[in-house]
Amino acid sequence: LKRSTGPTPVASLSALARLLSSLAILEQKDGKLNHGSLGAVTAAQKLGGSIIGFVAGGNIKAVAEEAAKVSGIEKIIAVDNAAYDKGLPENYAPLLVENIKKGGYTHIIAGHTAFGKSLMPRVAALLDVQQISDITAIEDEKTFVRPVYAGNAIATVESSDDIKIITIRGTAFAAAEAEGGSASIEDGVDPKAECPTEWVSENLAKSDRPDLATAGKVVSGGRGLKSKEDFDRVMLPLADALGAAVGASRAAVDSGYADNSLQVGQTGKVVAPQLYLCAGISGAIQHLAGMKDSKVIAAINKDADAPIFQVADIGLVGDLFDKVPELTEKLKQ
Ligand code: FAD
């Protein structure tokens with residue numbers, strides 16, 4: 001009988017988990033925690049080990065208290081300084097680097113959002129490690145899965161860096177539970193780095209409809225809509241009848257039919273709603289990259305050979321100017 005002298009595999013796994021510590025970067029806006037950024041906590045939970053949350057901004061106490069309730073977080077590091085309110089990467093990156101050096105974390109995780117995309121490569125460069133972008137799955141503490149070539153191939157990447165700087169695809173990691181946790185709150189270090197960039201103003205499109213990136217249903221229009229007037233007249237009542245967010249193809253955005261912030265695709269937003277209903281969209285590969293993980297895809301197009309029908313669960317061949325208003329009326333009834 002051979003007796004094992006080393007730790008059992010289970011014991012070694014939990015020993016490894018004890019060595020791992022992840023810093024989840026939590027976004028805030030106007031003193032409120034952005035729940036969309038809680039996918040970073042879910043990713044950290046998949047890694048195992050301890051999970052620390054990081055928040056920064058003016059009057060950060062309320063945000064830190066909200067973050068402390070998130071399930072799975074042990075400790076919140078909070079930095080109270082209004083200079084971090086807008087998340088300018090030029091001053092946020094040195095802030096994060098100082099806090100990473102102090103905490104000695106093994107994994108730093110942020111959403112693959114506009115904020116995460118500007119911030120994390122700077123942090124990686126300052127720490128002289130590789131950035132690991134837009135991951136959709138975690139195989140183990142050093143192996144990650146990420147789509148490449150607009151989602152046409154899936155790469156499995158292994159990092160040998162001591163610190164892994166990771167951004168996660170929001171549609172692949174559901175937000176952690178906002179309630180149920182009781183983390184402690186600790187002040188972080190504030191290097192008060194010189195910032196060459198000044199926040200001047202922002203001009204955001206306001207809408208009462210659900211947020212495109214997180215909506216459960218999305219109604220999307222393409223070049224087939226022909227004009228902004230027709231886009232608004234045909235697609236918006238459908239969105240309202242379904243309680244859906246509005247999206248658009250790049251051709252529709254470039255033609256001025258829809259706002260830039262509504263673009264879905266490789267160079268727009270990546271969405272994975274329960275229902276993605278599109279009309280007048282051909283289904284170019286760059287558009288599919290932003291919506292093909294939707295649970296149910298429904299498409300209306302007058303061309304039966306349009307590539308969108310290759311990914312659609314439900315297809316309707318017909319003129320959108322007849323079919324969409326007809327569908328909207330039926331939904332209203
Ligand atoms: P079209 O391809 O012109 O299709 C219009 C469709 O409407 C056709 O299928 C037509 O049959 C149908 N149609 C017309 N009239 C009617 C009618 N009356 N009733 C029913 N159907 C009708 N695109 C994106 O969407 N998102 C991106 O993020 C994106 N990023 C890109 C990045 C790069 C680097 C490049 C090169 C391209 C990118 N594109 C992106 C552009 C993409 O290649 C396509 O050009 C674009 O998606 C086409 O938009 P569309 O389907 O609305 O228009």
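The values are calculated or read from the model by the stated rules, or taken from the named source; none is laboratory data. Just so we're clear, the structure is a prediction, and the values are computed from it rather than from any experiment. Positions of Cβ are generated from backbone atoms using ideal geometry, with glycine treated the same way; all protein chains shown enter the neighbour counts.
Checked against the criterion of being away from the ligand (no atom under 13 Å from the Cβ), over 25 Å from the mean Cα position of the chain (by Cα) and under 23 Å from residue 315 (Cα atoms), the candidates 237, 273 yield just one match: 237. In segment 285-310, the residues that are more than 22 Å from residue 327 (Cα to Cα) reach residues that are β-branched (Val, Ile, Thr) and buried (at least 24 other Cβ atoms within 10 Å of the Cβ) with C-beta atoms within less than 6 angstrom, at least six apart or across chains, in these pairs: 290/264.
So, residue 71, is that one of a type in the set (Gly, Ala, Ser), more than 25 Å from residue 201 (Cβ to Cβ), at pLDDT 95 or above and surrounded by fewer than 19 Cβ atoms within 10 Å (Cβ to Cβ) or not?
Judged against the criteria, residue 71 is a match.
Inside segment 270-307, residues that are out of contact with any helix residue (DSSP H, G or I) (no Cβ under 8 Å at 6 or more places or on another chain) and closer than 17 Å to residue 219 by Cβ make up a count of 9.
Taking strands (runs of 3 or more DSSP E) that fall entirely within segment 164-271, which contain at least 2 residues that are farther than 26 Å from residue 80 by Cβ?
164-168, 217-221, 245-248
Against the numbered list (1) in contact (Cβ under 8 Å) with a residue 60 or more places away in the chain; (2) surrounded by 15 or more Cβ atoms within 10 Å (Cβ to Cβ); (3) touching a strand residue (DSSP E or B) at 6+ places or on another chain (Cβ under 7 Å); (4) over 22 Å from residue 273 (Cα atoms), residue 98 comes up short only at (3).
Considering the conditions (1) within 20 Å of residue 287 (Cα to Cα); (2) surrounded by fewer than 18 Cβ atoms within 10 Å (Cβ to Cβ), residue 241 is excluded by exactly one of them, (1).
Could you tell me which of the residues 308, 300 is at pLDDT 95 or above, under 27 Å from residue 113 (Cα atoms) and surrounded by 15 or more Cβ atoms within 10 Å (Cβ to Cβ)?
Result: 308 is the single residue among 308, 300 that is at pLDDT 95 or above, under 27 Å from residue 113 (Cα atoms) and surrounded by 15 or more Cβ atoms within 10 Å (Cβ to Cβ).
Taking the numbered list (1) surrounded by fewer than 16 Cβ atoms within 10 Å (Cβ to Cβ); (2) near the ligand (Cβ under 9 Å from one of its atoms) in turn, residue 253 passes all entries but (1).
Taken over segment 117-162, the criterion of being buried (at least 20 other Cβ atoms within 10 Å of the Cβ), of a type outside the set (Gly, Ala, Ser) and out of contact with any Lys or Arg (no Cβ under 9 Å at 6 or more places or on another chain) is satisfied by 119, 120, 123.
Tell me yes or no: at least one residue of segment 145-158 is outside any strand (DSSP E or B) and touching a strand residue (DSSP E or B) at 6+ places or on another chain (Cβ under 8 Å). The answer is no, given that none of the residues of segment 145-158 is outside any strand (DSSP E or B) and touching a strand residue (DSSP E or B) at 6+ places or on another chain (Cβ under 8 Å). The residue that is farthest from residue 111 (Cα to Cα), among those in segment 48-64 that are of a type in the set (A, V, I, L, M, F, W, C) and free of Cβ contacts under 8 Å to residues at least 40 places away in the same chain, is 62. Among the residues of segment 213-221, none qualifies, meaning not one is more than 28 Å from residue 137 (Cβ to Cβ), away from the ligand (no atom under 16 Å from the Cβ) and either of a type outside the set (A, V, I, L, M, F, W, C) or buried (at least 16 other Cβ atoms within 10 Å of the Cβ) (or both).
Residue pairs whose Cβ atoms lie under 8 Å apart, sitting 6 or more positions apart in sequence or on different chains, and linking a residue in segment 184-209 that is closer than 24 Å to residue 260 by Cα to a partner that is of a type in the set (Val, Ile, Thr) and modelled with pLDDT of 95 or more, are 207/246; 209/246. Listed by position, the helices (runs of 4 or more DSSP H) inside segment 57-129 whose residues that are closer than 21 Å to residue 168 by Cα number at least 3 are 89-103, 114-127.
Within segment 9-32, the presence of a residue that is at pLDDT 95 or above, out of contact with any helix residue (DSSP H, G or I) (no Cβ under 9 Å at 6 or more places or on another chain) and assigned to a loop (DSSP other than H, G, I, E, B) is excluded.
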